[in-house]
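J.: Structure in structure tokens, see below.
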Amino acid sequence: MTDFVRKISDFIVKYSLLRKGGRVLVGVSGGADSVALLLVLRELGFDCVTVHCNFHLRGGESDRDQHFTENLC
């Protein structure tokens, strides 16, 4: 476990944000922040259920984000 992941784990534990091994709904836009969140939570052992909403606000870019998220999952 990297220092970065350990800090996130410690923060989750300190503030009782999630139950270890529990199921978590993760909103993933396809951007770096939400993808990193999903990957870290999975590395920490959480059962992640991913949701992505394509509101078609950015045309083809929105569609690419959707396809990226689908392939990631």
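The values are calculated or read from the model by the stated rules, or taken from the named source; none is laboratory data. The model shown is predicted, which means the values in this text are computed figures rather than measured ones. Methodologically, a virtual Cβ is constructed for each residue, glycine included, from the backbone with ideal geometry; neighbour enumeration extends over all protein chains shown. Please note that ligands, DNA and RNA were not included when accessible areas were found on the heavy atoms of the full protein model with its side chains. Shrake-Rupley method; radii C 1.70, N 1.55, O 1.52, S 1.80 Å.
J.: Looking at Val26, Val35 in this structure, which one is in contact with a strand residue (DSSP E or B) (Cβ under 7 Å, 6 or more places away or on another chain) and either modelled with pLDDT of 95 or more or among the basic types (Lys, Arg) (or both)? Break it down into steps so the answer makes sense when it comes.
T.: Details: Val35 fails: in contact with a strand residue (DSSP E or B) (Cβ under 7 Å, 6 or more places away or on another chain).
Criteria check complete, one pass: Val26.
J.: Tally time: how many residues in the stretch 1-36 are in contact with a Ser or Thr (Cβ under 8 Å, 6 or more places away or on another chain), assigned to a loop (DSSP other than H, G, I, E, B) and open to solvent by less than 30 Å² (accessible area, probe 1.4 Å)?
T.: So the count comes out to 2.
J.: Collect the residues in the stretch 19-73 that are among the hydroxyl-bearing types (Ser, Thr, Tyr) and closer than 23 Å to Phe4 by Cβ, keeping them in residue-number order.
T.: Going residue by residue through the stretch 19-73, those that are among the hydroxyl-bearing types (Ser, Thr, Tyr) are 29, 34, 50, 62, 69.
Scanning the stretch 19-73 gives Ser29, Ser34, Thr50, Thr69.
J.: For the stretch 54-61, does any single residue satisfy the condition of being open to solvent by less than 80 Å² (accessible area, probe 1.4 Å), without any contact (Cβ under 8 Å) to a residue 12 or more places away in the chain and over 14 Å from the mean Cα position of the chain (by Cα)? Reasoning before the result, please.
T.: Going residue by residue through the stretch 54-61, those that are open to solvent by less than 80 Å² (accessible area, probe 1.4 Å) are 54, 59-60.
Still in the list and also without any contact (Cβ under 8 Å) to a residue 12 or more places away in the chain: 59-60.
Cutting the leftovers down to over 14 Å from the mean Cα position of the chain (by Cα) gives us 59-60.
Scanning the stretch 54-61 turns up at least one residue that is open to solvent by less than 80 Å² (accessible area, probe 1.4 Å), without any contact (Cβ under 8 Å) to a residue 12 or more places away in the chain and over 14 Å from the mean Cα position of the chain (by Cα).
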